[in-house]
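Working notes for the structure below.
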Amino acid sequence: MRILLTAINAKYIHSNLAVYSLKASAGELSPYVELAEFTINHRTEEILREIYKKDPKVLLFSCYIWNIRQVKELVRECKKLLPQVPVWLGGPEVSFCACELLEEYPELTGILTGEGEESFRLLTECYVTKAEKWDEIPGAVYRRSKVIREGAEKSGPNQEKQQEELCVNRPGEPLALNRIPFAYKGLTDFEHRIIYYESSRGCPFSCSYCLSSVEKQVRFRDLEQVFAQLQYFLDAKAPQVKFVDRTFNCSHSHALAIWKYLSEHDNGVTNFHFEIGADLLNEEELALLEGMRPGLVQLEIGVQSVNQKTLKAIHRKTDLEKLRANVERIRRAGNIHQHLDLIAGLPYEDYTSFAHSFDTVFAMRPEQLQLGFLKLLQGSPMYREAKQYGIVCREQPPYEVLYTDWLSFSDILQLKAIEEMVEIYYNSHQFRYTLERLLKTCSSPFRFFEELADFYEKKDLNAISHSRLQRYEILLDYIRERHPGEEAVYRELLTIDLYLREKVKGRPAFASDQRPFEDRIRQIRKQVGKQHHVEVLLEQKKKPVYLIFDYEKRNPLTKDADTWQWIDAKEEE
């Protein structure tokens, strides 16, 4: 018996927590379960080939908005190749439309809705032991055949026929997290994986766009169990562990204990990612975070909007002033990467309002500012309220907003273009000094990225793939058009930004001519080492300045090389 549990991950093989947890939950039956991990970058043909070669007796797919199209195609193709193999689905993308999917896809045997650990264990038991206790599997929606007799007075096989019916089992009770076995026991290859981990499940808040708002209670894993499992990652020196807890610090005692443990057992390598409510942080938590190794933790903070009417409509309570103060305090400490989120397409947020939200969050200077777009997820309150707010989304996953009563599709397209500029020129940290100067020339950060997006559109640059170096040259073209009298200064800033990231082999065309200083550069490199880069700066000083880029020492948050100015002994005197 081979039960094949298939995961098609978003972009990377990132140790899908759900399927690893399911396999672990199978307990003594787990040897019958085999995992097959792919990404959306795999062609359907490749996935189909691998599934067929594994010769499964039962096939299950874990379904999310990023893979459901591929899964639906695979369901039909697998059934053609493996007609006797039962096919089951599970996951958030199918939990709220199970009956409709079973009607649409006759190839499906059933769907596991809701939490999967207990239902998957029981499903595995049914197939392995051949004890068909389907009605005991919580949250299962499945087909069942029953015999229909065409007349009570008649008997015999000719008067009987099979009729299929859909059975919908009751939802299961929420599991205590301590009962769920450790998903990664036995995993040793951490080198190229992002590990996902949960110390709690559920969310105490009611944000209407989020599926976590469906479950009002929060369940926590016992801290001793959490510590033991985190130590497993620390001992293995996993590069990154992402907590999937919806609001990690909703319990101060729970969050503080875990952060203390990580600080005291830091291995100097592993980074831990947390999604938090920044306005919930208290003094003890802030003081602890300020003292951590740079790069030990990173924080994702959902702001979503600063429009109070919008926040009220989505049932989101945020103390924006406290959030701003706490983000600023963490930023000043300089040891934690902060990732702040906004969502376009929410009720009452028009283009002007979103620009204000953007500028407010940008002023907090996070390491990353993500412009997201509302997705109408089946099962979320916002899905039910969409008509009320005139929100229209795409029919296919990821169900992204097309327009609302406040944002036209043209507005959405413009915000998409701005999002691209923010990703390339701000979130990449590759244009730090150039942006710092450019931003002072515009009325607001939003207007700067809007102008840059318009420049890309005017020059027809969006349809072309650009190398990293070409992005610098495009920005210089923008500068020539907007600030022609300052080109030399900006050339120097672009050169600094370029070398901060890497010691490029070829000298970029926009960089100044260093040949007059070759002898002095050679002398300095003999002293500092050939692995360093020496750049002569001319534009902003009365005499040449020799800037040293040390690539063996990097900023743990931005990955920039350490820099320092070469000072001759005579100058020191």
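The values are calculated or read from the model by the stated rules, or taken from the named source; none is laboratory data. Remember, it's a predicted structure, so these values are computed and weren't measured experimentally. When we count neighbours, we look across all protein chains shown, and the Cβ atoms used for this are built from the backbone with ideal geometry, even at glycine. To get the accessible areas, we keep the full protein, side chains included, count just its heavy atoms, and leave off ligands, DNA and RNA. Shrake-Rupley method; radii C 1.70, N 1.55, O 1.52, S 1.80 Å.
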Handout entry: Antiparallel bridge percentage (DSSP; both residues within the chain; nearest 5)
Key = 40
Handout entry: Percent of Cα pairs exceeding the 19 Å cut-off, where the set is the stretch 205-302
Key = 42
Exercise for the section: Would you mind computing, in nm to one decimal, how far apart the modelled labels at Tyr261 and Cys167 are, each placed 7 Å from Cα along Cα→Cβ? Expected result: 4.0
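Is the shape of the stretch 435-509 rounded, prolate or oblate, going by the alpha carbon gyration tensor and its root eigenvalues a ≥ b ≥ c, with a/c under 1.5 for rounded and a/b larger than b/c for prolate? Display every interim value, and only then the final one.
Working: a/c = 1.82, a/b = 1.24, b/c = 1.47.
Oblate, since a/c reaches 1.5 and b/c is not below a/b.
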Exercise for the section: Based on a Kirkwood Rh over C-alpha pairs, give the Stokes-Einstein translational diffusion coefficient of the stretch 414-573 at 20 °C and viscosity 1.002 mPa s in µm²/s. Expected result: 125
Practice task
Please list, or write none, the aspartates and glutamates whose alpha carbon is within less than 15 Å of the alpha carbon of Lys79, excluding same-chain residues fewer than 8 places away.
Solution key: Glu45, Glu50, Asp55, Glu104, Glu107
Practice task
Using a cut-off of 13 Å between beta-carbons, work out the net charge of the residues near Ala344 (Lys and Arg +1, Asp and Glu -1, Ala344 not included).
Solution key: -4
Handout entry: Mean projected area in nm² (Cα convex hull; one quarter of hull surface) for the stretch 315-382
Key = 5.3
Exercise for the section: Could I have the simple spin-label model distance between Gln217 and Gln470, label points 7 Å from Cα toward Cβ, reported in nm to one decimal? Expected result: 5.6
Exercise for the section: Give, rounded to the nearest 20 debye, the magnitude of the charge dipole that the chain has about its Cα centre when Lys and Arg contribute +1 at Cβ and Asp and Glu contribute -1 at Cβ. Expected result: 760
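Kindly identify the stretch 1-118 as rounded, prolate or oblate by the Cα gyration tensor criterion: order the square roots of the eigenvalues as a ≥ b ≥ c, call it rounded if a/c is under 1.5, otherwise compare a/b with b/c, prolate if a/b is larger, else oblate. Mind showing how you got there, number by number?
Details: a/c = 1.13, a/b = 1.08, b/c = 1.05.
It is rounded, given that a/c, with a ≥ b ≥ c, falls under 1.5.
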Completion exercise
Calc'd 3J(HN,Hα), the stretch 38-47, phi into Karplus 6.51 cos²θ - 1.76 cosθ + 1.60 (θ = phi - 60°), Hz, glycine/Pro = x, comes to 9, 10, 5, 7, 6, 5, 4, 4, 5, 4
Fill in the blank from the handout: Helix 117-129 sits off the longest principal axis of the Cα atoms of the chain, rounded to the nearest 10 on a 0 to 90 degree scale, by 50
Completion exercise
For the stretch 252-378, whose charge dipole is built from +1 on Lys and Arg Cβ atoms and -1 on Asp and Glu Cβ atoms, the candidate among Tyr261, Leu340, Phe272 with its Cα farthest towards the positive end is Leu340
Problem - Whole-number accessible area per residue in Å² for the stretch 333-483, which is evaluated in the context of all protein chains at 1.4 Å - result: 43
Exercise for the section: Please give the FRET efficiency for Ser30 paired with Leu286, using the beta carbon to beta carbon distance and R0 = 35 Å, rounded to the nearest 0.05. Expected result: 0.25
Exercise for the section: Place the peptides 452-461, 88-97 in order of packing, highest mean first, counting for every residue the other Cβ atoms within 10 Å and averaging per peptide. Expected result: 88-97, 452-461
Fill in the blank from the handout: Whole-percent carbon and sulfur contribution to the accessible surface of the chain (1.4 Å, no ligands, DNA or RNA) stands at 49
Fill in the blank from the handout: Expected unfolding gain across Asp359-Asp135 under the 0.36 nm per residue rule, minus the alpha-carbon gap, is 75.2 nm
Fill in the blank from the handout: To the nearest 0.05, the calculated FRET efficiency linking Gln514 and Asp235 through their beta-carbon distance, R0 being 30 Å, is 0.05
Problem - Under 24 Å from Lys458, Cα to Cα: lysines that are on another chain or at least 8 residues apart - result: Lys416, Lys440
Fill in the blank from the handout: Everything considered on the Cα gyration tensor (a ≥ b ≥ c; rounded for a/c under 1.5, else prolate if a/b is larger than b/c, else oblate), the stretch 68-132 must be described as oblate
Practice task
Please tell me the relative contact order of the chain in percent, rounded to the nearest whole number, where contacts are Cα pairs under 8 Å and at least six residues apart.
Solution key: 8
Exercise for the section: Evaluate the distance, in nm, between pseudo-label points positioned 7 Å from the Cα of Glu328 and of Ser206 along their respective Cα→Cβ axes. Expected result: 3.2
Practice task
Could you calculate the contour length gain from Arg144 to Glu423, that is, 0.36 nm times the residue separation minus the distance between their Cα atoms, to one decimal place in nm?
Solution key: 95.4 nm
Exercise for the section: Run a plain Debye calculation on the stretch 424-464 (Cα atoms as equal point scatterers, no solvent) and give log10 I(q)/I(0) at q = 0.14, 0.21, 0.33 Å⁻¹, rounded to two decimals, same order as the q list. Expected result: -0.34, -0.72, -1.09
Handout entry: lysines whose Cα lies under 27 Å from that of Lys526, excluding same-chain neighbours fewer than 8 positions away
Key = Lys503, Lys505, Lys541, Lys542, Lys543, Lys553, Lys559, Lys570
Handout entry: Spherically averaged projected area in nm², based on the convex hull that wraps the Cα atoms of the chain
Key = 33.0
